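See below for the structure under consideration.
Derivation of every value follows stated rules applied to the coordinates shown; laboratory data play no part. Note that the structure is a prediction, hence the values are computed from the model and not measured. Positions of Cβ are backbone-derived with ideal geometry, glycine not excepted, and every protein chain shown enters the neighbour counts.
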Amino acid sequence: MLAQLLINTLQIGALYVLFSLGFTLVFGVMKVINMAHGEFFAAAAVVTSFLVGLMTMQLALPSWLVYLAASIIAAIVVCIIGALVYLFGIRFYIKDLVGSFILSVGVLLVIQGAVLQGFGGAPRIVPPIFDGTTEIFGARITTNRLVISLAALLITFATYLALQATRWGKALRAVAEDAEAATLQGIPRRRVSFVGFMIATLLAALAGILTISLAPITPAIGEEYLIKSFIIVIIGGLGSIPGAVIGGFSIALIESVVGAYWDPSIATIVMFALVIAFLIFRPQGIFGRAA
Amino acid sequence: MLSRRTVTCAAVLFIAGSLGTLASARAQDTLKVGLSAPMSGPAASWGIHMKWGAEKAAEEINRTGGIKVAGKAYKVQVIAYDNKYNATEGAKTAQLLFNRDGVDFVIGSLGTAPTQALQSISEREGKLLFTTAFGKALKGPKFPLTFTQLNTPVELLPQMYGYIKKVHPNVKTVALLNPNDATGQDTEPQSQKLWKSLGVEVVSSDWFERSTTEFQPIVSKFARLKPDIIEITNGPPTTAGVVYKELAVQGWKGVKIVVASSGERDFVTSGGPAVEGTYVGNAADMTGQAATDLQKRLNKLVMDEIQQPLSPLTLCTWDSMMALKAGIEKAQSVDPKKVAAALPTIVFESSWGPAAFGGAENYGTPQQMLIPTVISQIQNGKPVEVLRVLPKELEEKLKTKK
């Protein structure tokens, strides 16, 4: 049972972490709360699942190629949407929590409405990319989920490495640490903010793309992830990448253990109780810095 | 002295005016009817089916001359809104339908919570409401304008559980998985009570949010408890498919039940081979021998138009529309209260054949549409009927009418 709980934690947590990474990055670099982050995720999932269905019917291509092509197109589409949202909206509200929150709620409604209008509300079901079941120390997981979870972890690790080791990554961290000091050092703050937003958008899109064969896809699928993401970044610390990882797996562990021994609705109560406790006793989260 | 030209013009104008008046006297009024159902989210296929059924019924009624009341013929127009299966959107939908669109009749509403929001306005403002919602408390003497258009757990569960216990006499334990909303909270106690009366122990009764996509934790719990039966009381078809698929991964084998099916294609697509053998309520094979000619015709049409097989949810709005037509024509009035008084007295032609309203024994007043209770089992990816029961009350009403 322990092995099964840990495997459940891995497969649930991997996507939570990937999703929350982008959310916390945007806050860290720009001090902006982007409520539309869930819609980037949902839009990518819907577009990919639509294209997979269309391309499977119309083109005689191997399924892995169909998935790859659909994923690339969806990622590009969502990044274009993200760029437009930043250029025509978010960049005017950098370091403005309330303004960015209100703006992004509006963007959320627009994107959700557009996706609903364009693709309809019916759930889309995409067949798994990999068949079969894998057993690990007695715990069972579909091969599809295992590969997708590992892919999510790989992307998370690659993002972490990029932030640590590349020039842009260091610039992003510098701006997140102290924007004014970074500007004084010659770091182009606005350009760095744009790059940070685009990386976050891409991470949300990748999380959405990876979800398509795991659950029925609807335009509203991002809402659940956004709520969990809030919990994760409060626990982990707003703007903290390690915090998003620890927070993501913590939430997944709570869901796994409490859901398996009690009830999923009790798991939700426990999560929100934890959020309240953190907000009272450690509002900056595990890895965040106190104001 | 008037010129010949003037007189001719006046005569032409008089004749034209008379013809115009005659035409407008024969002109059809439009009866707007509302629909509140989820058109997005996991339960979207249910709402889409209901909308399709309603629009087809409206087309049929309009094609055959409309609803005739005191020399007038009413065309029917369907106005549908997405209630997203929650009370907030249900309340918004209610405001739009009743206050903005001026609708007097709602020919379908799905989801106990959004229906309760709708009902709080409809009963107060004297509007007639048809609903598929499972909540038992939605009907009764306090809600004289509310009628149910589909079998609910009160009609389904005794037949379903009784059949399953007969076919699987050795089952001793059951685990229930219920959506954490008004629908689930209303159905779960009925399930618990019935299983206990059959000598089956309820080892677990768990709740999930309808927006949940990850079911591994609850599935791990069920796999650990190893119940003989796992029942999903009210989950949408895609959710139910995902749950059974995960159960198969974690090695559980047993009797599978989905009480509120309707949407077997989505169920089979999301669950794959894991859903073989599942018993599904409110699901019928609309191409089989037991299907009526109308159901077969509608099935072909719905497959052509939305590439989904016909289901009882597609038919429930067709049936409520036909019931409404019959009720209005019996009452010879479009006053919702007069129509509501007429409905329990009529036998009307539903998609299942002749149908009526009854259920006073269960609800206190005859507000339940009496149609066959159909239980199917998924065999080779398709629903195959295993049980069809005509309500005794309907049989008696039909005998009386003869």
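Return the calculated 222 nm mean residue ellipticity for chain B, to the nearest 500 deg cm²/dmol, obtained by summing -39500 (n - 2.57) across DSSP H runs with n ≥ 4 and dividing by the residue count.
-14500 deg cm²/dmol
Can you check what the Kirkwood hydrodynamic radius comes to for the range B:154-281, Cα pairs only, in Å to one decimal?
Answer for the range B:154-281: a Kirkwood hydrodynamic radius of 14.3 Å.
From zero outward in steps of 10 Å, how is the percent of C-alpha pairs of the range A:177-252 spread across the bins?
It works out to 16, 37, 33, 12, 3, in whole percents.
Could you list the square roots of 5 times each eigenvalue of the Cα gyration tensor of chain B, that is, the equivalent ellipsoid semi-axes, sorted largest first and rounded to whole Å?
Ellipsoid semi-axes (Å, largest first): 45, 21, 20.
Considering amide H positions built from the backbone, and no H for Pro or chain starts, which residues 5 or more places from B:Val76, or on another chain, come under 5 Å of its amide H?
B:Leu31, B:Asn62
Sequence-distant or interchain residues sharing an amide H contact under 5 Å with B:Ser205, placed H: which?
Hits under the 5 Å cutoff: B:Leu176.
Can you compute the charge dipole magnitude of chain A about its Cα centre, using +1 on each Lys and Arg Cβ and -1 on each Asp and Glu Cβ, nothing else charged? Give it in debye, rounded to the nearest 20.
With Lys and Arg at +1 and Asp and Glu at -1, about 720 debye.
Fewest Cβ neighbours within 10 Å first, please rank B:Thr212, A:Thr143, B:Thr30 accordingly.
Listed from fewest to most nearby Cβ atoms, that is B:Thr30, A:Thr143, B:Thr212.
Report ³J(HN,Hα) in whole Hz for each residue of the range A:153-170, in order, from the Karplus equation J = 6.51 cos²θ - 1.76 cosθ + 1.60 where θ = phi - 60°; Gly and Pro get x.
Running phi through 6.51 cos²θ - 1.76 cosθ + 1.60 with θ = phi - 60° gives 5, 5, 5, 4, 5, 4, 5, 4, 4, 4, 5, 7, 10, 9, 5, 5, x, 5 Hz.
Checking understanding here: applying a Kyte-Doolittle mean of at least 1.0 and a length along the axis of at least 20 Å (C-alpha), which whole DSSP H helices in chain B pass?
Length and hydropathy pass: none found.
If the range B:68-124 were replaced by its equivalent ellipsoid, with semi-axes equal to the square roots of 5 times the Cα gyration tensor eigenvalues, what would those be, largest first, whole Å?
Taking √(5λ) for each Cα gyration eigenvalue gives 24, 11, 10 Å.
Add +1 for every Lys or Arg and -1 for every Asp or Glu among the other residues with Cβ under 12 Å from the Cβ of B:Asp101, and state the total.
+2
Could you give the nm distance between label points at A:Phe137 and B:Glu395, where each point is 7 Å from its Cα heading toward the beta carbon?
Simple spin-label model gives 6.1 nm for this pair.
Report the normalised scattering of the range B:291-384 as log10 I(q)/I(0) at q = 0.18, 0.22, 0.25 Å⁻¹, calculated by the Debye formula with identical scatterers on the alpha carbons.
Listed by q, the Debye log ratios stand at -0.89, -1.11, -1.26.
Work out from phi, with θ = phi - 60° and the Karplus expression 6.51 cos²θ - 1.76 cosθ + 1.60, the ³J(HN,Hα) of each residue of the range B:333-344, listed in order in whole Hz, and give x for Gly and Pro.
The phi angles translate into 7, 9, 6, x, 5, 5, 5, 4, 5, 7, 4, x Hz.
How large are Rg and Dmax for the range A:18-220 when only the alpha carbon atoms are used, in Å?
Rg and Dmax of the range A:18-220, Cα atoms, are 18.2, 56 Å.
Principal axis extents for the range B:180-234, Cα atoms only, whole Å, descending order, please.
Principal axes ranked by extent give 33, 28, 10 Å for the Cα atoms.
In sequence order, what are the phi-derived ³J(HN,Hα) couplings for the range B:345-350 according to the Karplus relation 6.51 cos²θ - 1.76 cosθ + 1.60 with θ = phi - 60°, rounded to whole Hz, with x for glycine and proline?
9, 9, 10, 10, 8, 8
Hey, how many Å between the Cα centroid of the range B:221-236 and the Cα centroid of the range A:53-122?
Using only Cα atoms to place each centre, the spacing works out to 36 Å.
Once amide H atoms are built 1.01 Å from N in the peptide plane, which residues 5 or more positions from B:Leu370, or in another chain, come under 5 Å H to H?
B:Ala356, B:Phe357, B:Gly358
Among DSSP bridges having both ends in the protein assembly as shown, what percentage is antiparallel? Round to the nearest 5.
Here the share of antiparallel DSSP bridges comes out near 40 percent.
How far is it, in nm, from the label point at A:Ala69 to the one at A:Glu180 when both lie 7 Å from their Cα along the line to the Cβ?
5.4 nm
Grab the other residues whose beta carbon is less than 15 angstrom from that of A:Leu2, score K and R as +1, D and E as -1, and report the net.
Taking every Cβ under 15 Å from that of A:Leu2, the sum is +2.
Give me the Kirkwood hydrodynamic radius of the protein assembly as shown, using the inverse of the mean 1/r over all pairs of distinct Cα atoms, in Å to one decimal.
After inverting the mean inverse Cα-Cα distance, the result is 27.3 Å.
Could you grab the Rg to Rh ratio for the range A:103-173? Cα atoms only, Kirkwood for Rh.
Dividing the radius of gyration by the Kirkwood radius yields 1.17.
Could you check the simple spin-label distance between B:Val203 and B:Ala290, using points 7 Å along Cα→Cβ, in nm with one decimal?
Calculated label separation equals 3.1 nm.
Using the Kirkwood formula over every pair of different C-alpha atoms, what hydrodynamic radius in Å results for the range B:73-168?
14.3 Å
For each of A:Ile280, A:Ile286, A:Ile80, B:Ile107, count neighbouring Cβ atoms within 10 Å of the residue's Cβ, then give the residues from fewest to most.
Going from least to most buried by this count: A:Ile280, A:Ile80, A:Ile286, B:Ile107.
When the C-alpha atoms of the range A:150-201 are aligned to their principal axes, what extent does each axis show, in angstrom, from largest down?
Its Cα atoms span 40, 20, 14 Å along the three principal axes.
Can you tell which of A:Ile212, A:Pro127, A:Gly22 lies farthest toward the positive end of the dipole of the range A:18-220, using +1 and -1 charges on the Cβ of basic and acidic side chains (Lys, Arg; Asp, Glu)?
Most positive-ward Cα: A:Gly22.
Name the residue farthest towards the positive end of the dipole of chain B from the options B:Ser262, B:Pro273, B:Pro336, assuming +1 on Cβ of Lys and Arg, -1 on Cβ of Asp and Glu, about the Cα centre.
In chain B, that residue is B:Pro336.
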